[in-house]
Amino acid sequence: MNSAARALRSQNFHALREDCIKNGKLFDDPEFPASDESLCYSSAPPRRVEWKRPGELCEDPRLLVDGISAHDLHQGKLGNCWFVAACSCLALKKPLWEKVIPQWKKQEWNPRRPHRYAGIFHFQFWCLGDWIDVVIDDHLPTVDGSLIYCHSNVQNEFWSALLEKAYAKLAGSYEALDGGNAADAIEDFTGAVTESFDLGKGQYRVNLIEQTKLFEDLLKVHKRGGLISCSIKAYAINDMEAVTPRGLIKGHAYSVTGIRKVRQGQKSLFSGKAEKLFMVRMRNPWGKREWNGAWSDESEEWNKVSESEKLALGLTVRDDGEFWMTFEDWCTNYTHADVCRLINTSCLSLHKTWEKEEARGAWTRSPEPLLNRSGGCFNNKATFLQNPQYIFEVGKAEDEVLLSLQQKDQRTRKKDGKGDNFIIGFDILKVELNRQHRIHKLQDQEKAASSPYINVRTVFLRKVLKQGRYVVIPTTFQPAILSDFLLRIFTDEPSDFRELLADKPKMTCWNLLCGYPQRVTQVLVQSVEGVQRQSGPGGADLYVIIKCERESVSSAVHKNATGAVFGTHAIFYRKSINEPISIQVWDSNVLCDQFLGQVLLAASPGDTREVQSLQLHGRDGQEAAEMPGRINVKVVSSDDLVEL
């Protein structure tokens, strides 16, 4: 159980349970009553629904019967196949479902102590970075004495029906679960990071190398506890739940319950190895209607597999909604897949460990531009930089970075005629190596990456970034949208991830003595060319240093070169505006670095903002002797500290 879980609507499970036991009564939840308002928000149910407790539906009710299995779940008369598919994935991983069903043994019916049963259960869901504890009573909706929504194939097992009820309470009603995304439910069960694949747009159907890479990636995710679901997109309303010639259902979520390399035939006398086939096991939440193509339950392809291999795979020949298919057929027939990765952040692990940082934020509105935090996407040039801004570092030469942006769950607003996800996304800008304050104007910041902009709850991006400092700007597509969000970032090394809050340097008492910045200057060193080493032939190990007052910024070293493209960017808030900025070129050496020349810049607001090609000089001021080489720089200055 997650002891840090926050109680939904301040309902404390243990206190409520003990109060019911003390007073000899069964719990009735006033926050989610056994009435039509908990079922529907748009209209009354088409038939009269009776709410019954499990003890009224069967003898010897149980929360779990022989543990949890993907076969326990069957979708009812609600369009939440996505939820049931997510539950099927969850059922495969005991460490995960034991978080969702905390202390399940203590919640179980105890025939020896019937007086301790209080008709109350609780489940825990991960919501926008927090675990939420949801309390429910055990009244379940029925028609003609049968459960109408999610139910088990075992009559006296109720974990799936009760879990669905808790999830419906979190969403506001059962109807709020009609239509959704399996990835959202899996995130709510696990706190995982979801990556979505468009199998049609990728090369997975035609490129064997890309297909193999995807299979190996999914196999790794599955082995490490991640969960995978998939679907076939229905491009028209008439296509919803239409059946393909191979028995698959469009607009319907399936869960991946197994990924294996299956041995075919016998070992070769020459290689000593049997041929292996990439296979996936799927489950239809309906508990029936299966794939009828190659490797379906009764297909002759299974004759190529030994009985021991069939036993290891758990192959069953019955219409239970579960079936195997080749990975090639999987890529060809399904259009979309959601892969929920449990990112390993443990130091005590044999697998790759990621550094995780996260920030809770909000898109908010204000008539004051410097305070507005809902500026819309990059298309809205005038307001884009008013969004929240977060800075992070890539310390290695290059690093794979994972970013996940999740907006607040909107389902509780469905009863108000809203509830659709906002279109969200984010852009990553490569910024000055020493930036500490918010960006106010796009100058030479390089757009390093952009996520897709889409109306889903979570947007994910995986990107290899080069060494440097970056700002990620999460946005809604349209400006003036209000919502909370969670931004998570995973890197190989610590990234010093944090929100940029200040627009300019803070005024302190110390400024009365030492002065306050009067000018802000951006310097971009694009390149150096034609320099010469002072000792010996050949190129130098070049780097540049940008110096302003007591601050300096150094570039990376370019080996054995007489010229190099740097793209080194710095920003300075200047107190002594008459003191020039220097840009020095150096040759890196083991014993002592050698100075190769410099330029001095007044960096005044009236100076040109175009790229300048400047001759290198010695260190004796502007009139110092020329030295071989030129430097190409761009300098922008302003006496308005919130312009750049």
Those residues that are small (Gly, Ala, Ser), under 17 Å from Asn153 (Cα atoms) and touching a residue at least 40 places away in the same chain (Cβ under 8 Å), I need them from the range 45-85; list them, please. Ala70, Gly76, Ala85
Yes or no: the range 234-247 includes at least one residue that is of a type in the set (Gly, Ala, Ser), surrounded by fewer than 23 Cβ atoms within 10 Å (Cβ to Cβ) and touching a helix residue (DSSP H, G or I) at 6+ places or on another chain (Cβ under 8 Å). no
So which residues in the range 605-643 are within 30 Å of Gln386 (Cα to Cα), hydroxyl-bearing (Ser, Thr, Tyr) and loosely packed, with under 15 Cβ neighbours inside 10 Å, if there are any at all? Thr608
Scan the range 171-229 for residues that are at pLDDT below 90, part of a loop (DSSP other than H, G, I, E, B) and under 27 Å from Ser160 (Cβ atoms) and jot them down. Gly179, Gly180, Asn181, Ala192, Arg224, Gly225, Gly226
Could you grab me the full set of residues in the range 436-494 that are in a strand (DSSP E or B) and among the aromatic types (Phe, Trp, Tyr)? Phe460, Tyr470, Phe485, Phe490
In the range 521-537, residue modelled with the lowest pLDDT [restricted to those that are touching a Lys or Arg at 6+ places or on another chain (Cβ under 7 Å) and not charged (D, E, K, R)]: Gly530
Within the range 557-564, is even one residue modelled with pLDDT under 95, surrounded by 21 or more Cβ atoms within 10 Å (Cβ to Cβ) and of a type in the set (Ser, Thr, Tyr)? no
Out of the residues in the range 243-266 meeting the condition of being part of a loop (DSSP other than H, G, I, E, B) and modelled with pLDDT under 90, tell me which one is farthest from the chain's Cα centre (by Cα). Gln266
Say whether the condition of being in contact with an Asp or Glu (Cβ under 9 Å, 6 or more places away or on another chain), closer than 19 Å to Thr332 by Cβ and not β-branched (Val, Ile, Thr) is met by at least one residue in the range 263-274. no
Reported set for the range 221-231 where residues are farther than 13 Å from Ala182 by Cα and crowded, with 16+ Cβ neighbours inside 10 Å is Val221, His222, Gly225, Gly226
Among the listed residues Val401, Val459, Val472, Val431, identify the single one that is within 22 Å of the chain's Cα centre (by Cα), within 30 Å of Glu610 (Cα to Cα) and assigned by TED's automatic domain parsing to the domain that holds Trp363. Val472
Within the range 557-620, strands (runs of 3 or more DSSP E) holding 1 or more residues that are aromatic (Phe, Trp, Tyr), out of contact with any Cys (no Cβ under 9 Å at 6 or more places or on another chain) and over 22 Å from Gly515 (Cβ atoms): 564-574, 581-587, 594-601
Sole exception among (1) in a strand (DSSP E or B); (2) of a type outside the set (Phe, Trp, Tyr); (3) free of Cβ contacts under 8 Å to residues at least 40 places away in the same chain for Asn421, by number: (1)
Take Asp133 and decide whether it is touching an Asp or Glu at 6+ places or on another chain (Cβ under 8 Å) and either farther than 19 Å from Cys340 by Cβ or of a type in the set (A, V, I, L, M) (or both). no
Residue ID - modelled with the highest pLDDT, chosen from residues in the range 268-284 that are outside any strand (DSSP E or B) and either under 27 Å from the mean Cα position of the chain (by Cα) or of a type in the set (A, V, I, L, M) (or both): Asn284
Wholly inside the range 302-366, strands (runs of 3 or more DSSP E) that include 3 or more residues that are at pLDDT 85 or above and surrounded by fewer than 17 Cβ atoms within 10 Å (Cβ to Cβ) are 355-363
So which residues in the range 526-556 are of a type in the set (Asp, Glu) and assigned to a strand (DSSP E or B), if there are any at all? Glu529, Asp541, Glu551
Subset of the range 591-612 (residues that are closer than 22 Å to Ala564 by Cα, among the polar types (S, T, N, Q) and under 44 Å from the mean Cα position of the chain (by Cα)): Gln612
Here is a check on your reading of the model: is Leu64 in a loop (DSSP other than H, G, I, E, B), closer than 17 Å to His151 by Cβ and in contact with a strand residue (DSSP E or B) (Cβ under 8 Å, 6 or more places away or on another chain)? yes
From the list Ile186, Ile120, Ile132, Ile209, which residue is over 20 Å from Thr458 (Cα atoms), buried (at least 16 other Cβ atoms within 10 Å of the Cβ) and among the β-branched types (Val, Ile, Thr)? Ile120
Output for the range 565-590, where each listed residue is under 37 Å from the mean Cα position of the chain (by Cα) and surrounded by fewer than 17 Cβ atoms within 10 Å (Cβ to Cβ): Val565, Gly567
Read through the list (1) in a loop (DSSP other than H, G, I, E, B); (2) buried (at least 18 other Cβ atoms within 10 Å of the Cβ), then give the number of the only condition that Asp297 fails. (2)
Name, by its number, the condition in (1) of a type in the set (Gly, Ala, Ser); (2) within 25 Å of Gly226 (Cα to Cα); (3) at pLDDT 85 or above that does not hold for Ala294. (2)
Residues to consider are Gln522, Gln518, Gln534, Gln526; find the one that is touching a strand residue (DSSP E or B) at 6+ places or on another chain (Cβ under 6 Å), surrounded by fewer than 15 Cβ atoms within 10 Å (Cβ to Cβ) and touching a residue at least 60 places away in the same chain (Cβ under 8 Å). Gln534
Scanning the range 484-512 for residues that are within 30 Å of Gly419 (Cα to Cα) and within 17 Å of the chain's Cα centre (by Cα), which turns out surrounded by the fewest Cβ atoms within 10 Å (Cβ to Cβ)? Asp484
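The values are calculated or read from the model by the stated rules, or taken from the named source; none is laboratory data. Please read these numbers as outputs of a predicted model, since none were measured by experiment. Neighbour counts are summed over all protein chains in view; Cβ atoms, including those assigned to glycine, are modelled from backbone coordinates with ideal geometry.
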